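In what follows, a single structure is set out as structure tokens and then discussed.
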Amino acid sequence: MVTLKESSKTMFELIDTIDVENTLGEGVTWDTETQTVWWTDIEQKKLFAYQVTERDLVSFDTPHRLCAFALTKKSDVLLAAFDCGIALHNLITGECDWLFKFPGDATVRFNDGRTDAKGRFWVGTLNEDGDKTASSGLYRVDTNMQVTKVEADVGICNGLAWNTDATRFYMADSSKQIIYQYVFDNDNGAISDKTPFKQMEATAAPDGAIMGNDDHLYSALWGGNCVARIAPSGEEQRFDVPVEQPTCVAFGGEDNDLLFVTSARYALSDESIADAPQSGSLFIYRTGFKGTQSQRFAGETVYD
């Protein structure tokens with residue numbers, strides 16, 4: 001493992017900080033069409049959109065805790081994974097067209113999500129009662145709007161990503177500090193042959209992730225003050241960020257070389273926030289790398 005200070009061949013330059021004091025910033029997603037970066041603050045029930053070239057920030061209140069989302073071909077409609085279920089959510093009217101809901105007594109909520117190369121939306125859960133062995137899982141929303149549970153018994157599901165030829169799927173279980181890899185069938189969205197890919201130390205849990213164009217996985221390390229760049233072989237490089245709890249990453253920008261990093265103030269002490277006052281900000285780094293972006297959700301009913 002090398003850190004930024006030890007590497008003279010790569011660039012990781014902080015060029016902008018959006019100080020929004022997110023309690024739990026997450027789900028960062030780049031919109032190439034509008035040059036806008038989107039992300040959510042789960043606990044504050046807010047969605048943010050920052051137009052990079054104009055440096056224009058807007059926010060939306062959400063009816064429930066918005067945990068993950070996918071953009072659609074309708075600019076005012078999201079496929080939204082709220083704490084309580086999955087819905088098509090109109091940002092203007094606030095209406096929700098529900099596809100799936102947890103039962104009222106459920107202790108799980110949705111957590112991290114991404115779309116795959118075919119425009120299917122994948123989203124995992126975590127258990128809010130602290131029982132890491134409870135039946136959390138991974139769900140897939142197909143383009144026919146059907147919701148299917150495809151994996152069970154995941155403690156805290158995070159870091160969903162695919163390699164560039166869509167033959168490998170990556171998923172982190174933050175409760176175990178481990179990233180898994182699967183064989184992926186891009187035609188039907190099936191996953192198989194789960195194997196460990198990368199085990200992190202106990203103080204750094206892999207959180208949200210994105211794939212680079214070179215098939216290196218970029219993972220925000222909660223509690224690790226850094227973003228990890230992990231080669232297909234598992235070899236790792238780390239880049240420091242000025243906060244303890246980076247949460248999610250996404251590539252974007254005109255040259256596709258910007259890395260957007262969300263962060264959190266969740267459960268931090270006053271002393272910790274005083275030591276890192278930018279906790280909860282969105283950070284924008286210019287890098288020496290390029291990456292993939294999440295596709296828009298391809299469900300046909302979105303366009304009706």
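The values are calculated or read from the model by the stated rules, or taken from the named source; none is laboratory data. Treat the numbers as computed from the prediction; the structure is a model and nothing was measured. Note that each Cβ is placed from the backbone with ideal geometry, even for glycine, and that neighbours are counted across all protein chains shown. Quick note on the areas: whole protein, heavy atoms, side chains included, nothing else; ligands and nucleic acids left out. Shrake-Rupley method; radii C 1.70, N 1.55, O 1.52, S 1.80 Å.
Within the stretch 104-123, residues that are more than 13 Å from ASN186 (Cα to Cα) reach partners that are in a loop (DSSP other than H, G, I, E, B) and open to solvent by 10 Å² or more (accessible area, probe 1.4 Å) with beta carbons closer than 6 Å, at six or more positions or on different chains, in the pairs THR107/GLU128; THR107/ASP129; ARG109/ASP83; ARG109/GLU128; ARG114/SER294. Counting the residues of the stretch 40-55 that are open to solvent by 30 Å² or more (accessible area, probe 1.4 Å) and part of a strand (DSSP E or B) gives 2. Over 21 Å from SER219 (Cβ atoms), open to solvent by less than 20 Å² (accessible area, probe 1.4 Å) and of a type in the set (Gly, Ala, Ser): which single residue out of GLY119, GLY104, GLY159, GLY155 fits that description? Unique residue meeting the criteria: GLY119.
Only one of the listed residues (VAL77, VAL37, VAL28, VAL58) is more than 18 Å from the chain's Cα centre (by Cα), of a type outside the set (D, E, K, R), open to solvent by less than 50 Å² (accessible area, probe 1.4 Å) and modelled with pLDDT of 95 or more. That residue is VAL77. Which residues, counting only those in the stretch 255-304, are without any contact (Cβ under 8 Å) to a residue 12 or more places away in the chain and within 22 Å of the chain's Cα centre (by Cα)? Matches in the stretch 255-304: ALA267 only.
Selection of the stretch 185-199 for residues being in a strand (DSSP E or B) and surrounded by 11 or more Cβ atoms within 10 Å (Cβ to Cβ) yields ASP185, ALA190, ILE191, LYS194, PRO196, PHE197, LYS198, GLN199. If you scan the stretch 80-97, which residues turn out to be β-branched (Val, Ile, Thr) and surrounded by fewer than 18 Cβ atoms within 10 Å (Cβ to Cβ)? Residues satisfying the conditions are ILE92, THR93.
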